[in-house]
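Student: Here's a structure for you.
The values are calculated or read from the model by the stated rules, or taken from the named source; none is laboratory data. All figures in this text were calculated on a predicted structure; none of them were measured in a lab. As a convention, Cβ positions derive from the backbone with ideal geometry for all residues, glycine included, and neighbour counts pool all protein chains shown. Quick note on the areas: whole protein, heavy atoms, side chains included, nothing else; ligands and nucleic acids left out. Shrake-Rupley method; radii C 1.70, N 1.55, O 1.52, S 1.80 Å.
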Amino acid sequence: GGVALVARGGCSFVHKATLAQAAGASAVLVADLAEGAAAPGCGCGNETQAAAAVHVPVASVGQQDGAALASALARGEAPRVQLALLHVPVIDFSAVVLAAMATAVVLAGALWANADTAKDALARAMCQEDVAHDAQQDELVEVDVRSVISFVGVASALLLVLFFLMSDTFMICIVALFAIGSAVCMQGLLTGFINGLRVAFLGAARRTRGAGSQSEGVTLPMVGRVTAVSGVCAAVSVAISAVWFVYRHEGWAWVLQDLMGVALMVNMLRALRLLNLRV
């Protein structure tokens, strides 16, 4: 038999499917012919036994599609309908990718934080204890009970601001702040990664000179010392953030957005130090 088009009405879906199946229908489409109708449910209620007797596929279509099918049938046409069963795999590949990304972010943050500690210890051994301690403390935030309470208060206030002052202009400001912050974090992440590779491949001699030398790079006003590596990484990071900001509505923009988010989270894990698990 053909596919039965049934208008959504007062009786249950089980009753509709049972009647259509008894009439020889091979499938049932329940059309929401009312504008803005709620999504249909099973409608079984106390009809569990009757629902078990329905063996034909049953699906729901929206108001626009239902009206189009009804109009085609009224004109004597025979529209073709194809129903496909959605296959849900046992292991979702996207979930595996997300879990791998989350694990990589935590691992990268931990490795970077340990590298900072090792660098601080090396500087202390080279009689630069004060400089190393001050440089590291400027980038670290110790998380205690007071800072947690402050974070909850600030986050709640921002949620209220978002709720009452939400607008297109405000959203653009938030997106712009995300792009700027992620560019800064990405520059630091890329610079640290490349410098780590240089140390690993050039050996202990370069590591010793690099830890104690301040002659590499140039000093810029309001920026400080900039090396060739940090300058190139900054240009790449700004370019990625700018491209994402302009093309953020494109289908491929999620790749750049994920990279920017990863950079933010890695920097956060690097900077935040939890004093104890009770916090």
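Student: If I go through the stretch 35-81 residue by residue, how many of them are more than 22 Å from Ala23 (Cβ to Cβ), modelled with pLDDT under 80 and either surrounded by 12 or more Cβ atoms within 10 Å (Cβ to Cβ) or more than 32 Å from the chain's Cα centre (by Cα) (or both)?
Tutor: Going through the stretch 35-81 one residue at a time, the tally reaches 5.
Student: Which ones in the stretch 82-110 are open to solvent by less than 70 Å² (accessible area, probe 1.4 Å), touching a residue at least 40 places away in the same chain (Cβ under 8 Å) and β-branched (Val, Ile, Thr)?
Tutor: Val105, the sole residue that qualifies.
Student: Out of all the residues in the stretch 147-179, which are open to solvent by 60 Å² or more (accessible area, probe 1.4 Å) and either assigned to a loop (DSSP other than H, G, I, E, B) or of a type in the set (Asp, Glu) (or both)?
Tutor: Result: Leu165, Met166, Asp168.
Student: Scan the stretch 226-275 residue by residue and report those that are part of a loop (DSSP other than H, G, I, E, B) and open to solvent by 70 Å² or more (accessible area, probe 1.4 Å).
Tutor: Tyr247, His249, Glu250, Trp252, Leu275
Student: Something else: Go through (1) crowded, with 16+ Cβ neighbours inside 10 Å; (2) at pLDDT below 75 one by one and return the number of the condition Ser182 breaks.
Tutor: Condition (2) is where Ser182 drops out.
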